[in-house]
Every structure is written in C-alpha cells, then in structure tokens.
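No lab work stands behind these numbers, since they all come straight from the coordinates. Treat the numbers as computed from the prediction; the structure is a model and nothing was measured. In this analysis, Cβ positions are derived from the backbone assuming ideal geometry, glycine residues included, and neighbour counts consider all displayed protein chains.
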There are 2 protein chains.
Amino acid sequence: MQFISEQRLDDDALEREFTLGEIPGILWTPATVSEPAPLILLGHPGGLRKMYPRLLARARHSAAAGFATATIELPGSGDRPRSAVAEQARADLRRAIQAGEPVAEEIVERLILPLVDKAVPEWQSALDALLSLPEIRGPVGYSGGVIAIGTRLAAVEPRISAAVLFAGSYVPRTIFDEARQVTIPLHVLLQWDDEGNDRQMALDLFDAFGSSQKTLHANMGGHTGVPQFAGEEANRFFTRHLT
Amino acid sequence: MQFISEQRLDDDALEREFTLGEIPGILWTPATVSEPAPLILLGHPGGLRKMYPRLLARARHSAAAGFATATIELPGSGDRPRSAVAEQARADLRRAIQAGEPVAEEIVERLILPLVDKAVPEWQSALDALLSLPEIRGPVGYSGGVIAIGTRLAAVEPRISAAVLFAGSYVPRTIFDEARQVTIPLHVLLQWDDEGNDRQMALDLFDAFGSSQKTLHANMGGHTGVPQFAGEEANRFFTRHLT
C-alpha cells in the first residue's frame, strides 16, 4: 500500500489517496484520533472519480462519528482495465431492459459473479494493508453496494463485524446461498422506488440473510435519493456495533 | 373529558387517567413543560390494562423527548361492551388460522371495518378534548396499531401531521384505497418474522400509501420484539416532523 497524496479537509479529516498494487483507493481518517479508529469499508458501484462526492460525504459523516473509512476501485471500473466479459454482459443487460424483457439469470451471473470473485479478495487485501496502519484498528464494517460483494464479504471475511448493505444492484441466485451463511448484524438500505432496482429481489435477499440481527430501512427518493436521516441511522448502526 | 386519577411517575412525567363519556383513556405529559407540548396518540390493539406496560414505556420515551401522549380504549376491548359481530369474526379468524386456511377477506372485513368505523371518530373526539387542554398543543402524531385505524385517521383527520404505523394486524382491501389518500409523513414498523402478521400484506400496504415521505423499518424479534433502537428511530421521526 503506497500513499500518493494527502490533504486536510476543511473539517480537519485527513484524506489520503493510495495504491494497492494497481488498485487505486482512498483512506479518510478522523481529525482527532486519540486512539486507533475502527474502520468502515465504503462499497460503491465502481468509478471512484464519479462516486467521489458521495463517498466523501459518507466519509465525513463517519469521520465525525470517529470512524476511519476506506474505499478501493472495483475491477473493470475507473482507470482499471475493462473486462470484456463484463462489458458484454452489461450490453446484454441494457438490451434486455430496453426491450422490456426480464433480465435473464445468466446475464446477471456473467455481470456480477466474476466481479464478486475478483473484488472480494481485493477488499480483503486492502483490509490487510489498512489494519496494519497504526491509526486504524478493528472492528471493521462494510458499508455500501455492490450488495453481492458486501454479501460475499460478510459471509467469508471474519474481520467484518457488521455491514450496511445498499440494495440496488442485481444479485445472482448463488449469492442467496451465501446470504444464508451471513450471521453478522446487518442494516439493509432499500430505495423503494429505485428505478434500476428489483424491489422483490432485494426483499428476498433481506429475507435470506442468516443474521438474527438484521434491519431493513426502505425509503422513497430514487436510487441516489437516500434521505440524510437514513444515513444517520446507518451511522448509529455502526456506532452500536463497532464501538 | 374527566380526569379520574393523577400520579407522578418516578421520572416526573405526569400520568392521568380520564374518561371520555364511557371510554377510558390515559394521558401522559412531560415532567417539565415550559410551553404546551406536541401530542402523540398511542394506538394499540385493544385492552388498555394488558397493554399498559408497553404503552407506559412508549409514553416515558416520548415524554423524555418533550411529547405529551394519550391513548383511549378501543371499542369492544378492556372494560368496554363486547361486539357480537367482532367476537364472531374473531372466532372465525381463529378457526381459519387453526385449520391452516387462508383468512377470507370477508372475515377480515367483519373484524376490522366496524372497529375502524367506530374507533376513528372516538380518537377524533379524544383529540378535540386533548387539544383543548392548556398543556397540549399540536402538531399531533399517531403512533401504533391497529394499522387500519391509523391509516383511516391519517387519511381523514387533518390535525394529524405524521404517523408511526405498526404493521401486524389484518387490513381489509378497502383500507388500501384509503392508504392511497394519505399524504402525511409515515414511518412504518414491520416485525419481519411476526408470526401473526402477513408480511406481504404489510409491504403492499406500505407501497399503497400516497405519502411522498414514507419509511419502512423492518426488524427481527417477533410481534412484541421491536428492538429498542427501532423505538428511538420512531421518536426521532416524530422529533423531525412534530417539533
């Protein structure tokens, strides 16, 4: 892990860009750290540059609550090499949606499974590197989409103690089996009228999670319209489970 | 409205029992009231005596947040005269559930619609009386079940500005039409694995509400197992909308 830039934000949180091999990432740490901070991994749909304003807003809120946050670019997004398989799957997905057809399971599998297979070990490597920094300690939370990535991480990575999962992307059936293995506390955010989201699938996935402590918060406002109070509730979830 | 008892609780909130004609009720007001308090009507499934511990807990939390709360007995519950129609419908409902049959819409209608028809004007009369007290002012919220009563009240009573609705009781189809007329901010609580609740019906009702600000919070823990943090989130909803 190599830090390549560092800046103080106006609220005094520290933002550092890094690379982890070829993977770019960003780490935010709270302004005042008397002791190593718990960590939240910020998931997103890919494209750090495009996602930066929203990631920064989440990082600031988390920093104010005493959490370090970090994110890395997804495989095939941003400046990372494209995947021909994923690009073809995305084109097929777009074609199906435009034709008003149901999206075939095999398209979802081609789009999502290779992404999950590649991304999850990368997030785990990032976790190795981040937890070796003196200013960060566990416990660790995962917050965001892609929900299939968050689900796999929650199922396989024992260092993740709690997760806020954003419904709103396609989930292959096989991920439902992994969801049944998840036992950590979960807080699932669903935008009820998310135009690009299969609501029933999100409800089915919430039902599938094995966790005895799981909460679903559904709100209005479209895909990017998560209300501010919903973000604050997610922060309180992490405060309950990571501090 | 006649007050028939008065006691200071150990946290200094004031509890007063009252009667409104033949209807018993309870009013709780915060310990320190520098100005008239906003009011939350506490809905419940009937049986004030049995419900008292849970109502008291909700009243204490609300009082701590500066709200007055009040509740009245439902028609046919507690010490109020039984309804032969409702008793028969309840028996038919029990028989259907024990036989593992789907509950017929006409049973739900016989059970719920006369209750809603009778209860809603009673809550409105209680509101008249409560808002005439110098220590209470609007805005007014409704919090609790029976969700069909809360839905009708939210649809027809303009003095109610926001509602926390507890899913967990049967809803006749006609109430769905009334739900579409509701435009106030809503916060719907659903116990996901509520043994006595039709989850899909609750989700369909949430979808039907016309409110542009509506939130669904689903939690684990069975019918009476609403987690404490979920109660706190509901309180914050009222603080956002009634203060």
>> Placing the label point 7 Å from Cα along the Cα-to-Cβ direction, what are the distances from B:P121 to the equivalent spots in the other copies, shortest first, in nm to one decimal?
In response: 7.2
>> Just to be sure I understand the curve: with the Debye formula and one point per C-alpha of the protein assembly as shown, what is log10 I(q)/I(0) at q = 0.10, 0.12 Å⁻¹?
In response: -0.83, -1.07
>> Below 14 angstrom from the Cβ of B:Q200, what's the summed charge of the other residues (Lys, Arg +1; Asp, Glu -1)?
In response: -4
> From a point 7 Å beyond the Cα of A:K118 in the direction of its Cβ, which residues of segment A:14-48 have a backbone N at a distance under 19 Å?
Replying inline: A:19-26, A:43-48
> For labels at A:T239 and B:A57 in the simple 7 Å Cα→Cβ model, what's the distance in nm?
Replying inline: 2.2
> Which residue, A:S211, A:S143, A:S132, has the most motion in a Gaussian network model of chain A that connects Cα atoms within less than 10 Å?
Replying inline: A:S132
> Which distances in nm, rounded to one decimal and ordered from shortest, link the label point of A:D12 to the equivalent label points in the other identical copies, with labels set 7 Å from Cα toward Cβ?
Replying inline: 3.4
> So how strong a dipole does segment A:1-114 carry about its Cα centre when Lys and Arg Cβ are +1 and Asp and Glu Cβ are -1, to the nearest 20 debye?
Replying inline: 260
>> What are the ³J(HN,Hα) couplings of segment A:193-198, residue after residue, when phi is run through the Karplus curve with 6.51, -1.76, 1.60 and θ = phi - 60°? Round to Hz, x for glycine and proline.
In response: 10, 5, 4, x, 10, 8
> Hey, for A:T174 with labels 7 Å out along Cα-Cβ, what do the inter-copy distances come to in nm, ordered shortest first?
Replying inline: 5.3
> If you count the DSSP beta bridges with both ends in chain A, what percent of them are antiparallel, to the nearest 5?
Replying inline: 45
> Summing Lys, Arg as +1 and Asp, Glu as -1, what charge do residues with Cβ under 11 Å from the Cβ of A:A162 carry, A:A162 excluded?
Replying inline: +2
>> Just want the answer: with Cβ charges of +1 for Lys and Arg and -1 for Asp and Glu, which residue in B:G145, B:A68, B:Q88 is farthest toward the dipole's positive end in the protein assembly as shown?
In response: B:A68
> On full extension of the chain, what length is gained from A:E22 through A:E105, given 0.36 nm per residue of separation minus the C-alpha to C-alpha distance?
Replying inline: 26.7 nm
> Most exposed first by the Cβ proxy, i.e. fewest other Cβ within 10 Å, how do B:R152, A:R236 rank?
Replying inline: A:R236, B:R152
>> On C-alpha positions alone, give me the angle between the axis of helix B:147-156 and the longest principal axis of chain B, in degrees, nearest 10.
In response: 60
>> Please give the Cα centre distance for segment A:93-138 versus segment A:178-243, rounded to the nearest Å.
In response: 17
> Taking chain B as a Gaussian network, Cα atoms linked when under 10 Å apart, which of B:T69, B:T224, B:T29 shows the biggest mean-square fluctuation?
Replying inline: B:T224
> DSSP beta bridges in the protein assembly as shown, what fraction antiparallel, as a percent rounded to 5?
Replying inline: 45
> Label-point separation (nm) for B:F229 and B:D177, each offset 7 Å from Cα along Cα-to-Cβ?
Replying inline: 4.2
>> Let's see if you can work this out: charge +1 on each Lys and Arg Cβ, -1 on each Asp and Glu Cβ, no other charges. What is the dipole magnitude of the protein assembly as shown about its Cα centre, in debye to the nearest 20?
In response: 180
> lysines within cross-link reach of B:K118: Cα-Cα under 22 Å, excluding same-chain residues under 8 positions apart?
Replying inline: B:K50
> Nearest-5 percent of antiparallel DSSP beta bridges in segment A:1-73?
Replying inline: 85
> Helix B:105-131 versus the longest principal axis of chain B: what angle, 0 to 90°, nearest 10, using Cα atoms?
Replying inline: 10
> How large is the helix-only mean residue ellipticity at 222 nm for chain B, computed as the sum of -39500 (n - 2.57) over DSSP H runs with n ≥ 4, divided by its residue count, in deg cm²/dmol to the nearest 500?
Replying inline: -14000 deg cm²/dmol
> Which of B:V188, B:V85, B:V116 moves the most in a Gaussian network model of chain B with Cα springs under 10 Å?
Replying inline: B:V85
